[in-house]
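Here the structure is laid out as structure tokens; the discussion comes afterwards.
The values are calculated or read from the model by the stated rules, or taken from the named source; none is laboratory data. Since we're looking at a predicted model, the values are computed, not measured. Cβ placement follows ideal geometry from the backbone for every residue including glycine, while neighbour counts extend to all protein chains displayed. These accessible areas exclude ligands, DNA and RNA; they are computed on the full protein's heavy atoms, side chains included. Shrake-Rupley method; radii C 1.70, N 1.55, O 1.52, S 1.80 Å.
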Amino acid sequence: MICQLVGVKKTYPMGELTVVALNGIDVGVDEGEFTVFAGPSGSGKTTALNLIGCLDRPTSGQVLLDGRDVATLGDDALGQVRARRIGFIFQSFNLIPVLTAAENVELALRLAGLDKGRKEKVEQALVDVGLKDFMGRRPNQLSGGQQQRVAIARALVKKPAIIIADEPTANLDSQNGEAILDLMRQMNERDRITFLFSTHDPMVMARARRVVRLKDGAIVGDERLA
Amino acid sequence: MELLVTMAVRNLGRNRRRTALTALTVALGTALLTVALSMVNGIVLTTLEKAAGQAGHVRVVDVEYARREQLMPLSENLPDTAPIVAALSADPDVLAAFPHIAMGVTGCLESAEIGEKFALLHGAPTAYYTDVLHLDASLSAGAMPTAEDEVLLGRAFAEDIGAGVGSTVILLGQTQDGSPAPARLRVAGLVDLGSRTQNRQLWVSMEKARWMADIEGGATEVLAQVRDYRASGAVAARLRSHRALSTYDVHAWDERSPFDEIGGVLGTIKSVVAGIIVFITGLGVLNTMLMSVLERTGEIGVMRAFGLRRRDTIVLFFIEAIAIAGLGGLGGVALGAAGATILGRVGIHLGEGASKMPATLPINETMYPQLTAEVLVTGFLLGLLMAVVGALLPAIRASRIQPVDAMRHRR
Ligand SMILES: Nc1ncnc2c1ncn2[C@@H]1O[C@H](COP(=O)(O)OP(=O)(O)O)[C@@H](O)[C@H]1O
Ligand SMILES: [Mg+2]
């Protein structure tokens, strides 16, 4: 088990009320999985991914990474864990606009403190996502699909234990979205890279090997597909 | 770290107008500061040097005179100044030593009733008037006195009593034991020292002053000029242990009122002026930096998600601020140098305020800023400080951005 939520509850104070985003869920992700959190908007997908990705801390319950409760780690230590063990892909790509594709990928390596063979790793990652000829371009010189490929390269380059992607295809047209999913699936099958992503798109769910269904902050289904 | 610098520098080009505005803010602040510091410098270099000269770089007086010097007690004089002058002159750092008598007098034209116009009368050797006070260079009419019954009048006093070159004036002073001491003198010349207070003085020969005060062969004080007026303290300390001087009060100009406090006062003025300018400019920088931070919430969150530490976030914004301030500061120093140079030629009229200063603080009504390398460096460094001050809050604000903001933030 790479990461696991145990009885995790997350609430947000909203003035007088508290919004319950996750109402005590238990779920874990194993090495090599290609899993999607599926559910309508507001069901708690992003919240769950943030907690598994150690971007946020639960209101109650435990978040385990490599079997260890991350609550014991301080912010900087948690940052280092994220930097080395977890890769992120965002819905709106979120590349650093002033850095080129190669520099964006390099940044992830530097922040993880991985300096050995940096240049080669950056190149390889960009070749892997089919952007060999776009390494020197800035994000605004790339299409949405290309930007998301750079984001994949950025998440991938440090060889994390898991890559977490919140609705990675939501900002892409269906053709580009499918291409991105194919790429992710191919990396999963070929290199056994673990992916955990979210979607509310049935087309995307169909590509996953495991679908965890969320509704109103609770898990309402967990099925493995062929 | 390299990548942080790269990012910081490229971030400057993202919103060029804003970057230019911030740089301009720093440039104006730095320019203002350069001019202001040059002005304080001008006051220090011209006024203080002159004041030190007038006061005597090192002064020897009777101990009792020093205790009551506000009253200028003629009775507490140095009865025989010759051995004192000799002892002072023997010191290698002393250029010259002069006996000097200062006393308050009233004066009027001979043709008028005895007037109520006050003036400060000085008696000293001619060399003191020319070499130390440079009165010959400040003559506005007439010539330096050559005879014992001639006097040099400050312009304001001359106007007060209606005297001109060639007039005969009657002065009324006191001897050291309090008897009236009248003198009838011919006006040889008029002097303009740049402010009304300073121009309410008059200068007579050593002999005439000694006669009026009834201090034959003596004076109220002996004033020594030293090679470097800033080193007066050391010279005074050495002279104090001289056998012939040990019973007197021997002190450097900056150890005596009012100059003993002037260094601190000028330092405070400089700090306050600099502080205000740095603060205001810092506010301008703060404003634009805060906008940058808010705009970049998403990407800062992303970097935090990828492991950027809070303190590195702070560093990133400081690098940006310092880069902008470096550019703005260079421009500002150039602008300020140009301004100070032009003002240094034209001069700044300080107005009547300068005239209200006591004659011991000879501030001229027109001030000339002095630009030095030190001012340029200080101006530039304070320009950087403006950026640091202005970037502090935005940088802290940026460091509060949580990694989860990367997920939530939509562009
Ligand atoms: N920062 C927040 N403050 C308040 N409420 C929030 C916050 N983040 C999420 N929520 C609420 O939590 C619930 C789950 O949100 P989210 O995890 O974003 O769902 P999903 O990603 O499935 O759309 C929603 O009702 C949402 O409004
Ligand atoms: Mg969501």
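Here B:Arg10 meets the list (1) touching a residue at least 60 places away in the same chain (Cβ under 8 Å); (2) within 14 Å of another protein chain (Cβ to nearest Cβ) almost entirely, failing just condition (1).
Does A:Pro13 count as more than 20 Å from A:Arg192 (Cα to Cα), more than 8 Å from chain B (Cβ to nearest Cβ) and part of a loop (DSSP other than H, G, I, E, B)? Judged against the criteria, A:Pro13 is not a match. Candidates are the residues of region A:34-66 that are among the aliphatic types (A, V, I, L, M) and away from ligand 1 (no atom under 13 Å from the Cβ); the one that is farthest from the other protein chains (Cβ to nearest Cβ) is A:Leu64. Tell me, yes or no, whether region A:70-86 has at least one residue that is more than 8 Å from chain B (Cβ to nearest Cβ), over 16 Å from the mean Cα position of the chain (by Cα), without any contact (Cβ under 8 Å) to a residue 60 or more places away in the chain and under 23 Å from A:Ala218 (Cβ atoms). Yes: region A:70-86 contains one or more residues that are more than 8 Å from chain B (Cβ to nearest Cβ), over 16 Å from the mean Cα position of the chain (by Cα), without any contact (Cβ under 8 Å) to a residue 60 or more places away in the chain and under 23 Å from A:Ala218 (Cβ atoms). Screening A:Asn104 on (1) more than 10 Å from chain B (Cβ to nearest Cβ); (2) at pLDDT 95 or above; (3) open to solvent by less than 10 Å² (accessible area, probe 1.4 Å) shows it passes everything except condition (1). Selection over region B:99-130 of residues that are out of contact with any Lys or Arg (no Cβ under 9 Å at 6 or more places or on another chain), open to solvent by 50 Å² or more (accessible area, probe 1.4 Å) and at pLDDT below 90 gives a count of 5.
Residues being free of Cβ contacts under 8 Å to residues at least 12 places away in the same chain and either buried (at least 20 other Cβ atoms within 10 Å of the Cβ) or farther than 30 Å from B:Ala387 by Cβ (or both): count how many of those fall in region B:20-67.
Counting residues in region B:20-67 that are free of Cβ contacts under 8 Å to residues at least 12 places away in the same chain and either buried (at least 20 other Cβ atoms within 10 Å of the Cβ) or farther than 30 Å from B:Ala387 by Cβ (or both) gives 1.
Where in region A:155-226 are there strands (runs of 3 or more DSSP E), lying fully within it, with 3 or more residues that are in contact (Cβ under 8 Å) with a residue 24 or more places away in the chain and in contact with a Ser or Thr (Cβ under 6 Å, 6 or more places away or on another chain)?
Values: elements: A:162-165, A:195-199, A:210-215, A:218-224.
Here the list reads A:210-215.
Only residues that are open to solvent by less than 10 Å² (accessible area, probe 1.4 Å) and either among the hydroxyl-bearing types (Ser, Thr, Tyr) or near ligand 1 (Cβ under 10 Å from one of its atoms) (or both) were counted across region A:9-33, and they come to 1.
Checked against (1) more than 16 Å from ligand 1 (Cβ to nearest atom); (2) open to solvent by less than 70 Å² (accessible area, probe 1.4 Å), A:Asp75 passes all but a single condition, namely (2). Of everything listed in (1) away from ligand 1 (no atom under 16 Å from the Cβ); (2) away from chain B (no Cβ under 11 Å), the single unmet condition for A:Leu111 is (2). Of the residues in region B:345-368, none is open to solvent by less than 50 Å² (accessible area, probe 1.4 Å), modelled with pLDDT of 85 or more and out of contact with any strand residue (DSSP E or B) (no Cβ under 7 Å at 6 or more places or on another chain). The residues of region B:287-298 that are crowded, with 22+ Cβ neighbours inside 10 Å and within 14 Å of another protein chain (Cβ to nearest Cβ) amount to a single one, B:Arg296. Is there a residue in region B:183-203 that is open to solvent by less than 10 Å² (accessible area, probe 1.4 Å), in a strand (DSSP E or B), in contact with a Phe, Trp or Tyr (Cβ under 9 Å, 6 or more places away or on another chain) and within 18 Å of B:Ala112 (Cα to Cα)? Within region B:183-203 (the criterion being open to solvent by less than 10 Å² (accessible area, probe 1.4 Å), in a strand (DSSP E or B), in contact with a Phe, Trp or Tyr (Cβ under 9 Å, 6 or more places away or on another chain) and within 18 Å of B:Ala112 (Cα to Cα)), the answer is yes, since at least one residue qualifies.
Being open to solvent by 50 Å² or more (accessible area, probe 1.4 Å) and within 16 Å of ligand 1 (Cβ to nearest atom), is that true of even one residue in region A:190-201? Looking for residues that are open to solvent by 50 Å² or more (accessible area, probe 1.4 Å) and within 16 Å of ligand 1 (Cβ to nearest atom), one finds at least one in region A:190-201, hence yes. Scanning region A:101-130 for residues that are in contact with an Asp or Glu (Cβ under 9 Å, 6 or more places away or on another chain) and either free of Cβ contacts under 8 Å to residues at least 24 places away in the same chain or not in a helix (DSSP H, G or I) (or both) yields A:Arg110, A:Arg118, A:Lys119.
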